[in-house]
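> Input: one structure, supplied below.
The values are calculated or read from the model by the stated rules, or taken from the named source; none is laboratory data. Because the structure is predicted, anything quoted here is derived from the model rather than measured. Note: ideal-geometry Cβ built from the backbone for every residue, glycine included; neighbour counts use all protein chains shown.
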Amino acid sequence: MSSSDLVRRALAYLGCRTSPDDRLVSLVGECLAEAERLAHFRAVGEVFSRRLPFLQNAPYLQFLEGCAEYALVAMTLGSEAELRVRALMKVDPARAVVLDACASALVEAEGDKWEERFRKNRTFRFCPGYGGSSVSDNAFIFEALRPERIGMQLLPSGMMAPQKSMAGIIGIGKQGTRTCSGCMAAAGCKFFREGGVCYRSEQSSS
């Protein structure tokens, strides 16, 4: 992903729906550079052909329809950016918010790049909590992949630590293109409600 695409994604996380001023763009650029310096991206993944029991439930059945195989993935940016955000909240809250958005954009972008190993003919990443699924399903991904070995921790809430971490499912065997009209999370999506998108363009795919 290009630097301009990362800036656009970070601005989307910040809720920027109009053309940002030069000052904000400059701050986002600075914070992206800082996030990249602090990042220690790590990931694990495995391809499966047999469906694990939790994937026999909606909405996973719909998401994986037509896929002969799938991959479970887990990834983290590490805790350094998160710790920096916490420190900045005490002295420069505005910059802290921007850095947090930049770290979110960066872990998404690094995850998309890392997932290229699962062949071109694949879907985008679907994470527990999307489309009516439960974040508690992260427990099944942790059981299968043991991402504790890359420094990830599953919290009792079903969320993960470090904060900039993700776990999800990728369908293999069909091309998945991100569009708002076809997204299973559209009903509760703040971007969709406000006329924005959470990804680079209607034509982009993971």
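> What's the number of the condition residue 95 fails, among (1) crowded, with 18+ Cβ neighbours inside 10 Å; (2) touching a residue at least 12 places away in the same chain (Cβ under 8 Å); (3) more than 30 Å from residue 62 (Cβ to Cβ); (4) not β-branched (Val, Ile, Thr)?
Evaluating residue 95 over (1) crowded, with 18+ Cβ neighbours inside 10 Å; (2) touching a residue at least 12 places away in the same chain (Cβ under 8 Å); (3) more than 30 Å from residue 62 (Cβ to Cβ); (4) not β-branched (Val, Ile, Thr) leaves (1) as the failure.
> Here's another thing I want to ask about it. Examine the stretch 59-80 for a residue that is within 30 Å of residue 28 (Cα to Cα) and either in a helix (DSSP H, G or I) or modelled with pLDDT under 95 (or both), and state whether such a residue exists.
Yes: one or more hits.
> Kindly provide the set of residues from the stretch 11-41 that are aliphatic (A, V, I, L, M), under 14 Å from residue 94 (Cβ atoms) and part of a helix (DSSP H, G or I), ordered by number.
24, 27, 28
> Could we say that residue 88 is in a helix (DSSP H, G or I), aliphatic (A, V, I, L, M), out of contact with any helix residue (DSSP H, G or I) (no Cβ under 7 Å at 6 or more places or on another chain) and crowded, with 16+ Cβ neighbours inside 10 Å here?
In short, no.
> In the stretch 12-28, which residues are under 19 Å from residue 164 (Cα atoms) and touching a Leu at 6+ places or on another chain (Cβ under 9 Å)?
Matches in the stretch 12-28: 14, 28.
> I would also like to ask the following. Is it the case that the stretch 44-51 has a residue that's among the acidic types (Asp, Glu), touching a residue at least 24 places away in the same chain (Cβ under 8 Å), surrounded by fewer than 20 Cβ atoms within 10 Å (Cβ to Cβ) and closer than 16 Å to residue 163 by Cα?
Scanning the stretch 44-51 turns up no residue that is among the acidic types (Asp, Glu), touching a residue at least 24 places away in the same chain (Cβ under 8 Å), surrounded by fewer than 20 Cβ atoms within 10 Å (Cβ to Cβ) and closer than 16 Å to residue 163 by Cα.
> Step by step: first the residues of the stretch 120-164, then only those that are without any contact (Cβ under 8 Å) to a residue 40 or more places away in the chain and within 24 Å of residue 38 (Cα to Cα), then the one that is surrounded by the most Cβ atoms within 10 Å (Cβ to Cβ). Which residue is that?
154
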